[in-house]
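These notes concern the structure reproduced below.
The values are calculated or read from the model by the stated rules, or taken from the named source; none is laboratory data. Quantities reported herein were computed from a predicted structural model and do not represent experimental measurements. Here Cβ is always computed from backbone atoms with ideal geometry, including for glycine, and neighbour counts include all displayed protein chains. Keep in mind that these areas ignore ligands, DNA and RNA; they rest on the heavy atoms of the full protein, side chains included. Shrake-Rupley method; radii C 1.70, N 1.55, O 1.52, S 1.80 Å.
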Amino acid sequence: MSTPYDHPETIVCPGGPMLLRGRHVVGDADGVPHETTRPVTAVCRCERSASLPWCDGTHKVLPERLRPS
Amino acid sequence: MELPTPRGPLSEALFAALRSTDDFLPVLAETSGASVDDGTLCLWVLHQLHYREITGVPDTLEWDPQLLRLRALLEDDLERRLRSRFTAPTGLSFVVDFFDWVDEHDGASLAVHVHREATRDQVLEMLRERSLYHLMESDPTAWVVPRLGARAKAALMELQYDEYGAGDPNRLHHHLFALGMEASGLDATFGVYVDDASTEILEQNNAMTLLGLHRRHRAAALGHLAAFEATSSLPSRRMVQGLERLGFPQELVGYYAEHVEADAVHEQLAVRTIIGAVLEEAPELAEDAWFGAFTCLDLEDRVARQMLDRWGVRDERDVA
Ligand code: FES
Ligand SMILES: [Fe+2]
Ligand SMILES: [Fe+2]
């Protein structure tokens, strides 16, 4: 009870995105800044999302070796 | 909401009694031998008493003991049906193995059909039936909040906050669906299309309310949520493309576009922060979480197959 619960600003999801809590600006591959719009955002790590820089679930249909660790 | 058209002796008796607030004991007698369709419609109406006003039915009946008895009988029946279809996976960790398990158990897909083949009329038919859930999206899960410990409760609210628009009603998901329906020429009043709904659609909705309303089903409700979110992003993308192909309005496309990105977040939250916390506190609830997840995928498969059969479409699972 006395130790505070873990509540990190980022959570790395094995094989999938990185979750980002709160408001942030994330740059895409061309350096264009994108602002987060929801309480928690999934940032793509496989680089194959059709909504970059955000995750759109595409990582789930990639072969194992193309999924981020 | 208006009472639907009865589908058999049980719903005839129940709806007449609801209108006249008669003694409900004679209705109870009708339950034995009622068809699944008839009983399922009755349970759907009894559940709706907990969500909204039904024209001509006094609000006090929400907690009428005889109606609760009837609700319990119909819920037992539903739960027995759902459990009989389920076998618990063995040797799997929910948090680690969930997404692979979903991949193996995902069934027939309406989104695949909408993507490339569906006609405009088929999509409208689908929207009318789906509206029974989408117009109250996330509400069944809201019942679960007070039943959780601090960590899981905060985690579920983090997800639900986004479903409910993060404070902005213009972003609230079931409102987005209502806007999409109206722009597509449909009536977004809750329940107007219930007479068109298949037994499968009603059963799918009843299962969500059943799991949401009972504290003992809290882990199953969250397992259901996880499976629902985990089968949404990619199908929503197909829906976007299919609706654009058919020239549906931007409001409706926008509802599905929102779910591509939202549910890519929600699926991770549901599994990692919500169920992760629940199972760390109470590992014995793992089987319930799987039961809920299986029920979600299984009922969606039944809904999709029923609709595809009705349209004479071959099961497209192989191309999904
Ligand atoms: S990590 Fe999900 S699409 Fe790239
Ligand atoms: Fe949603
Ligand atoms: Fe969601």
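Once you have the alpha carbon radius of gyration of chain B, what is it after dividing by 2.2 N^0.38 Å, with N set to its residue count? Write out the running numbers ahead of the final one.
Values: Rg = 19.2 Å, N = 320, 2.2 N^0.38 = 19.7 Å.
Ratio of Rg to 2.2 N^0.38 Å for chain B: 0.98.
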> In the full protein assembly as shown, how much of B:Leu49 is accessible to a 1.4 Å probe, in Å² to the nearest 10?
Replying inline: 20
> Cα extents of the range B:77-135 along the three principal axes, largest first, in whole Å?
Replying inline: 45, 31, 20
> In Å, what is the Rg of the alpha-carbon atoms in the protein assembly as shown, and how long is Dmax?
Replying inline: 21.1, 71
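Work through the residues other than B:Tyr161 whose Cβ is under 13 Å from its Cβ and net out their charges, Lys, Arg +1 and Asp, Glu -1.
Working: positive: A:Arg21, A:Arg38, B:Lys153, B:Arg171; negative: B:Glu158, B:Asp162, B:Glu163, B:Asp168.
Taking every other residue near B:Tyr161 into account, the sum is 0.
Please report, in debye to the nearest 20, how large the charge dipole of the protein assembly as shown is about its Cα centre when each Lys and Arg carries +1 at its beta carbon and each Asp and Glu carries -1 there.
Numbers: 37 positive and 63 negative charges, 126 e Å.
My answer is approximately 600 debye.
Just counting partner chain Cβ atoms within 10 Å, what average do the residues of peptide A:47-58 show around their Cβ? Don't skip to the end; give the middle numbers.
On the way: counts 0, 0, 4, 2, 6, 0, 0, 4, 7, 8, 14, 5.
For this peptide, the per-residue mean of nearby foreign Cβ atoms is 4.
Can you pull out the trypsin sites (Lys or Arg not before Pro) in the range B:107-152 that DSSP calls coil and that have at most 13 other Cβ atoms within 10 Å?
On the way: sites: B:Arg116, B:Arg120, B:Arg128, B:Arg130, B:Arg147, B:Arg151; in loops: none.
Passing sites in the range B:107-152 do not exist.
Roughly how many percent of the accessible protein surface of chain B is carbon and sulfur, given a 1.4 Å probe and a whole-percent answer? Don't skip to the answer; put the middle values down first.
Details: 6260 of 12800 Å².
Roughly 49 percent, rounded to a whole number.
Based on the Kirkwood radius over alpha-carbon pairs, what value in µm²/s does the Stokes-Einstein equation return for the translational diffusion coefficient of the range A:10-62 at 10 °C and 1.306 mPa s? Intermediate values should be presented prior to the final figure.
Numbers: Rh = 11.1 Å.
It diffuses with D of about 143 µm²/s by this estimate.
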> With the other protein chains left in place, how much accessible area per residue, in square angstrom, belongs to the range B:94-319 at a 1.4 angstrom probe?
Replying inline: 36
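Buried accessible area for the A:B pair, summed, 1.4 Å probe, in Å² rounded to 100? The partial results should precede the final answer.
Details: alone 5190 and 13760 Å², together 17060 Å².
By this definition, chains A and B bury close to 1900 Å².
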